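Each remark here refers to the structure printed beneath this line.
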Amino acid sequence: MRLFDRKFGPGFLTRVPTAPGVYQLFDDAGVLLYVGKAGNLRRRLGQYRATTRRKPDRKRRVLVRAAARITWEVCESPLAAALTEIRLIQSLRPRRNVASAFSFLYPFLGLHEDGPETYFCLTTAPAAFPAFAFHGAYRSLPVTREAVHALGRLLRFVGHPVPAHRCRRFGAARHARILGFRRLPPGAAAGWHALLRGDSREALESLSVALLEHPAATARRAEIQEDLHAVALFFDVEAGPLARARAATGYAAYPVPQAERDLLFTEVREGAAARGRSAD
């Protein structure tokens, strides 16, 4: 007899509806282990029963061994199930869920102009820096952080770094970094706002042209290319997709709150899936 049937009963799946919904797995102490979503609850939980020794099934095998009870909640649509799953993960943080569980660590990038000085702020706590106009929330802290580090190195060739003690006057918070530059090219701040908002890469292209004319930059061509790539990657995988998701859903609030970011992208994905099902 399969382990799933021994633990939950051979007729367990017959009681599970074929509707969309969310399911929860608990251990024998009643601690929530995992929350999942399904367009068809019976089919999805049947996948836990039919796990094999193959690597793709490893997570389900581990969950079946650890679980003592499975519950479910029917939702009106796959979209409602997906949104409910995210909200449950964010509020309950089950031990075996990673995606969406740590949205409070999603980063923002902010800009502040003070006369001839332009400041960039990377933080997960934008409320701590009211002087800045923020963009985001983005999902990947490593990608966003590397873009900021790269931008800091690149802008040294076209501006003058502001001393660290002047950057600290804006305050400090965990997971925050502030960089400042004097005498950036005219209109540079507007271009960087557009890039961080996901509207345009023009600021990066203008910077690339300026660096080609700078002897110290051309002498470090390989390093410059890596840094330009880091900023371009951030635009391609973070800022640009966020802008398109906002446009696709008509989402007006900005910056997007951390807890709403995954919900927004789920609406986009589920909306595309629903249109695909209708076309079929």
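Observations, loosely collected:
- Yes/no for residue 92 being closer than 20 Å to residue 210 by Cα, open to solvent by 10 Å² or more (accessible area, probe 1.4 Å) and touching a strand residue (DSSP E or B) at 6+ places or on another chain (Cβ under 9 Å): no
- Matching residues in region 98-146 - criterion: being charged (D, E, K, R) and either within 20 Å of residue 171 (Cβ to Cβ) or within 11 Å of the chain's Cα centre (by Cα) (or both): 113, 114, 117, 139, 145
- The single residue among 232, 253, 203 that is outside any helix (DSSP H, G or I) and either among the aliphatic types (A, V, I, L, M) or open to solvent by less than 30 Å² (accessible area, probe 1.4 Å) (or both) turns out to be 253.
- Residue in region 146-157 that is farther than 30 Å from residue 263 by Cβ, of a type in the set (A, V, I, L, M, F, W, C) and part of a strand (DSSP E or B) present: no
- Within region 95-114, the set of residues being in a loop (DSSP other than H, G, I, E, B) and open to solvent by 70 Å² or more (accessible area, probe 1.4 Å) comprises 95, 96, 98, 102.
- If the condition is being open to solvent by 30 Å² or more (accessible area, probe 1.4 Å) and in contact with a Pro (Cβ under 9 Å, 6 or more places away or on another chain), then region 206-217 contributes 206, 210.
- The numbered conditions (1) touching a Leu at 6+ places or on another chain (Cβ under 8 Å); (2) in a loop (DSSP other than H, G, I, E, B) are all true for residue 208 except (2).
- Test: residue 71 is part of a strand (DSSP E or B), more than 30 Å from residue 198 (Cα to Cα) and polar (S, T, N, Q): yes
- Taking the numbered list (1) under 17 Å from residue 113 (Cβ atoms); (2) crowded, with 20+ Cβ neighbours inside 10 Å in turn, residue 137 passes all entries but (1).
- Only listed residue being closer than 21 Å to residue 76 by Cα, open to solvent by less than 30 Å² (accessible area, probe 1.4 Å) and assigned to a helix (DSSP H, G or I), chosen from 46, 36: 46
- Checking each residue in region 165-200 for being more than 26 Å from residue 246 (Cα to Cα), open to solvent by 90 Å² or more (accessible area, probe 1.4 Å) and of a type in the set (D, E, K, R) picks out 168, 169, 174, 177, 183.
- The residues of region 49-68 that are open to solvent by less than 50 Å² (accessible area, probe 1.4 Å), touching a Phe, Trp or Tyr at 6+ places or on another chain (Cβ under 7 Å) and outside any loop (DSSP other than H, G, I, E, B), listed by number, are 63, 64.
The values are calculated or read from the model by the stated rules, or taken from the named source; none is laboratory data. Small disclaimer: the values here were computed from a predicted structure and weren't measured. With ideal geometry, Cβ positions are generated from the backbone for all residues, glycine too; neighbour counts draw on all protein chains shown. Accessible surface is based on the protein model in full, side chains and every heavy atom, while ligands, DNA and RNA are left aside. Shrake-Rupley method; radii C 1.70, N 1.55, O 1.52, S 1.80 Å.
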